[in-house]
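Each remark here refers to the structure printed beneath this line.
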Amino acid sequence: MACFDSNKGSLEEDSYEGAVCGELSSCALAMLEKEQESMLSPSESPGTFISSNSSSLQAAVPLQGYDVEFDPPLESKYECPICLMALRNAIQTPCGHRFCKNCIEKSIRDTGQKCPVDNEMLSEDQLFPDNFAKREILSLTVRCPNAGCDDKMELRHLEKHVVQCQFATVPCPLCQKSVRKSYLEEHKTNECLRRPVSCSDCVACFVFEERELHELQCPFANVKCQYCEMDLIRDQIGPHCDTDCPKAPIACNFSTFGCKERMQRHNLAQHMQEFTQMHMRYMAEFLRGFSLNGTTPKSLWALAPSVSSEDPGSAASVSASGGSRGTVSCNSSFAPSQPSEEMQRLREMDGRLVKQDHQLRELIILKDTRAGQLAELQRRVSMLEDTVKELEAQQCHGIFIWRLKNFSSHLRNQEAGQPVVEHSPGFYTGRPGYKLCLRLHLQTPNAPRCSNFISLFVHTMQGAYDGLLTWPFQGTIRLAILDQGPEGQHHMELMETKPDLQAFQKPTIQRNPKGFGYVTFLHLTQLSQRSFVKDDTLLIRCEVTPRFDNVFHREGPTVQPRGPEASVSRD
């Protein structure tokens, strides 16, 4: 059977008697109501039925049989021979055949007054309703036509169920896409391309599918300068590139006089110093052209202040060739009536540019001096920090607690398959003593044989007392990840050094590349079973007892034996 189409009309039954179209008389309506009372289910009201039938009788499209899935399948005796679907408003003929009311009426009107099954003469006056078949069909069990719904009900209750079914599809009022009724609100909130959203930067409202277009135009969106990559809002990009950006390309200050060079803004001063003579030639040719025309270059006086204020480096260009300007000013007569006034203006410009050039050179020298002093201070601070760290390491006396902060970020990187390797600061076993450090490795999920394990190793380092000690290093090392909860159930392991391994030989570089420890020290899932991580910090304790030094030996808690999954390895 095909699926049910709600557009075919209500499941309520239409009465056979009465006019097919036009207004029904009060007598006909009363007959309809009386006949239908015997066919309606207990939950259906006659008033509702009459109103639905009145509209359906006025409808232009006749209804065929019930196009639904029956369970069990529909018996052939309830199937209309014309539409091959379940009988709707079953009608019986004098020859004993059943048809849908609309199907047989249309057949008589279109093909003639005869039965479609046996060709017996048949007129509409001979048809009569089969109320028994109607009740039987409405009592049959059908499946809900909505995909995903497994409900079954009697045919008379199907329409009511379809209206309330959570698997029914309805058009989204925003994008008109067909979605499940139960999923409509979530679709309108999170998935609909026509859902209204607002910009977090400018609070403008638009539909979601126009988001990318708005992001390209939003005046308050955060963007990067294409030259210096500084973060700015879009409205600031223009002024920034025009006046502030040190890497924005700009024209030379003497472009008006003929210089075609373009450079980054922070290179302008260097350009002005390197091409002073060329700029003077451009200016001389510019002034000579005005003198030949017999006109006063008023634009030159308007440009003079901007040349001196735009960049102090331009002072070097002009001041370096004062003699040339004197020659140009003497040979160039801008206006025969005002030669002395023009000469005075050129001298004033010369003086301002020379003064600014001296100030610029003094500032450059001062900057270089301060930069050298700052570099020396930074070097001294770095040396002091290293000294302090070395002194702190010597105070450990063989017991070191490593506070590994921001541990959640390391876990996220591990889950993403990124290698996570962290080294601890160095520490000494005593004074004098060996210098050691720890290495923690979070194994990735796809690591063979040790996936999602914490690996922990010990490395020897070059220390201040290496010349006073015996090598290779020998002793016991107790490693523990501390439980920061009130119970204090730490995870501890004890291991003995192996003098024949390279990991315990005297290091020839700052840190011995070979380490010794546990590849499967602790599984990551065990971190959540106790309070190993608190305030996003993991605490790792290392206690080292050199074999030749019994003074610093400390009795620790009883060490629990390792499980079968653990392993000690040299890395």
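What about LEU538, is it under 40 Å from the mean Cα position of the chain (by Cα) and within 20 Å of ILE399 (Cβ to Cβ)?
yes
Looking for something outside any loop (DSSP other than H, G, I, E, B), among the β-branched types (Val, Ile, Thr) and open to solvent by 20 Å² or more (accessible area, probe 1.4 Å) - is there at least one such residue anywhere in the range 428-451? Walk me through how you get there before you give the answer.
First, pick out the residues of the range 428-451 that are outside any loop (DSSP other than H, G, I, E, B): 428, 435-442.
Okay, now just the ones that are also among the β-branched types (Val, Ile, Thr), so none.
Looking for residues that are outside any loop (DSSP other than H, G, I, E, B), among the β-branched types (Val, Ile, Thr) and open to solvent by 20 Å² or more (accessible area, probe 1.4 Å), one finds none in the range 428-451, hence no.
Here are some conditions: (1) assigned to a helix (DSSP H, G or I); (2) crowded, with 17+ Cβ neighbours inside 10 Å; (3) of a type in the set (Lys, Arg). LYS367 meets all but one. Which one does it not meet?
Just one mismatch for LYS367, condition (2).
Looking at THR256 and the list (1) polar (S, T, N, Q); (2) modelled with pLDDT of 75 or more; (3) surrounded by fewer than 16 Cβ atoms within 10 Å (Cβ to Cβ), which single condition is not satisfied?
The single condition THR256 does not satisfy is (3).
Collect the residues in the range 444-492 that are of a type in the set (D, E, K, R) and either over 28 Å from ARG412 (Cα atoms) or under 40 Å from the mean Cα position of the chain (by Cα) (or both), keeping them in residue-number order.
Step one: of the range 444-492, the residues of a type in the set (D, E, K, R) are 449, 466, 478, 483, 487.
Within the range 444-492, ARG449, ASP466, ARG478, ASP483 meet the criteria.
Search the range 229-251 for residues that are more than 18 Å from GLU261 (Cα to Cα) and pair each with any residue that is of a type in the set (Val, Ile, Thr) and outside any loop (DSSP other than H, G, I, E, B) when their beta-carbon atoms are under 8 Å apart and the residues are at least 6 apart or on different chains.
Once the first residue is more than 18 Å from GLU261 (Cα to Cα) and sits in the range 229-251, its partners that are of a type in the set (Val, Ile, Thr) and outside any loop (DSSP other than H, G, I, E, B) give ASP231/VAL223; LEU232/VAL223; ILE233/VAL223; ARG234/VAL223; ILE237/VAL223.
Anything in the range 62-112 that is more than 17 Å from THR141 (Cβ to Cβ), of a type outside the set (Gly, Ala, Ser), touching a helix residue (DSSP H, G or I) at 6+ places or on another chain (Cβ under 8 Å) and not in a loop (DSSP other than H, G, I, E, B)? List them, or say none.
Across the range 62-112, the qualifying residues are ILE91, GLN92, ARG98, PHE99, GLU105, ILE108.
Could you check how many residues of the range 104-135 are touching a residue at least 40 places away in the same chain (Cβ under 8 Å) and open to solvent by less than 70 Å² (accessible area, probe 1.4 Å)?
Qualifying residue count for the region: 7.
What about ALA503, is it assigned to a strand (DSSP E or B), surrounded by 17 or more Cβ atoms within 10 Å (Cβ to Cβ) and at negative phi?
no
Give me the residue from the range 465-500 that is among the β-branched types (Val, Ile, Thr) and farther than 24 Å from ARG403 by Cα and, out of that set, least open to solvent (accessible area, probe 1.4 Å).
THR497
Hey, CYS100 hits all of (1) modelled with pLDDT under 90; (2) buried (at least 19 other Cβ atoms within 10 Å of the Cβ) but one; which does it fall short on?
Among (1) modelled with pLDDT under 90; (2) buried (at least 19 other Cβ atoms within 10 Å of the Cβ), the lone unmet condition for CYS100 is (1).
Does any residue of the range 62-78 turn out to be modelled with pLDDT of 85 or more, open to solvent by 50 Å² or more (accessible area, probe 1.4 Å) and under 17 Å from ARG156 (Cβ atoms)?
Yes, the conditions are met somewhere in the range 62-78.
Looking only at the range 259-273, how many residues end up being without any contact (Cβ under 8 Å) to a residue 24 or more places away in the chain and open to solvent by 30 Å² or more (accessible area, probe 1.4 Å)?
Looking only at that region, the number is 6.
For the range 145-188, name all the residues that are within 15 Å of ASP67 (Cα to Cα) and in contact with a Cys (Cβ under 6 Å, 6 or more places away or on another chain).
PRO145, ASN146
Applying the selection to the range 79-97, what residues are over 55 Å from the mean Cα position of the chain (by Cα), open to solvent by 30 Å² or more (accessible area, probe 1.4 Å) and closer than 28 Å to PRO145 by Cα?
GLU79, PRO81, ILE82
Looking at the range 470-500 only, could you name the residues that are at pLDDT 90 or above and either more than 18 Å from ARG547 (Cβ to Cβ) or in a helix (DSSP H, G or I) (or both)?
Matches in the range 470-500: ALA480, ILE481, LEU482, ASP483, GLN484, HIS490, HIS491, MET492, GLU493.
Sort through THR169, THR111 and tell me the only one that's among the hydroxyl-bearing types (Ser, Thr, Tyr) and under 30 Å from PRO196 (Cα atoms).
THR169
Every residue in the range 518-571 that is in contact with a Ser or Thr (Cβ under 8 Å, 6 or more places away or on another chain), in a strand (DSSP E or B) and either modelled with pLDDT under 70 or more than 25 Å from ALA447 (Cβ to Cβ) (or both), please.
The answer is VAL544, THR545, PRO546.
Could we say that PHE290 is of a type in the set (A, V, I, L, M, F, W, C) and at pLDDT 80 or above here?
Details: of a type in the set (A, V, I, L, M, F, W, C): yes; at pLDDT 80 or above: no.
Against the criterion (of a type in the set (A, V, I, L, M, F, W, C) and at pLDDT 80 or above), PHE290 does not qualify.
Would you confirm whether any residue within the range 199-208 is surrounded by fewer than 13 Cβ atoms within 10 Å (Cβ to Cβ), within 30 Å of MET278 (Cβ to Cβ) and at pLDDT below 90?
No.
Is it fair to say HIS423 is open to solvent by less than 50 Å² (accessible area, probe 1.4 Å), touching a Lys or Arg at 6+ places or on another chain (Cβ under 6 Å) and within 25 Å of ASP386 (Cβ to Cβ)?
Values: open to solvent by less than 50 Å² (accessible area, probe 1.4 Å): no; touching a Lys or Arg at 6+ places or on another chain (Cβ under 6 Å): yes; within 25 Å of ASP386 (Cβ to Cβ): yes.
No, not satisfied.
In the range 182-198, what residues are of a type in the set (A, V, I, L, M, F, W, C), surrounded by 15 or more Cβ atoms within 10 Å (Cβ to Cβ) and touching a strand residue (DSSP E or B) at 6+ places or on another chain (Cβ under 7 Å)? I'd like the intermediate steps shown before the answer.
First, pick out the residues of the range 182-198 that are of a type in the set (A, V, I, L, M, F, W, C): 184, 192-193, 197.
When the remaining residues are screened for being surrounded by 15 or more Cβ atoms within 10 Å (Cβ to Cβ), the result is 184, 192.
Selection gives LEU184 alone.
The values are calculated or read from the model by the stated rules, or taken from the named source; none is laboratory data. Everything numeric in this text was worked out from a predicted model, so none of it was measured. Every residue, glycine among them, receives a Cβ derived from its backbone with ideal geometry; neighbour counts consider all protein chains shown. All accessible areas refer to the heavy atoms of the entire protein, side chains included, with ligands and DNA or RNA removed. Shrake-Rupley method; radii C 1.70, N 1.55, O 1.52, S 1.80 Å.
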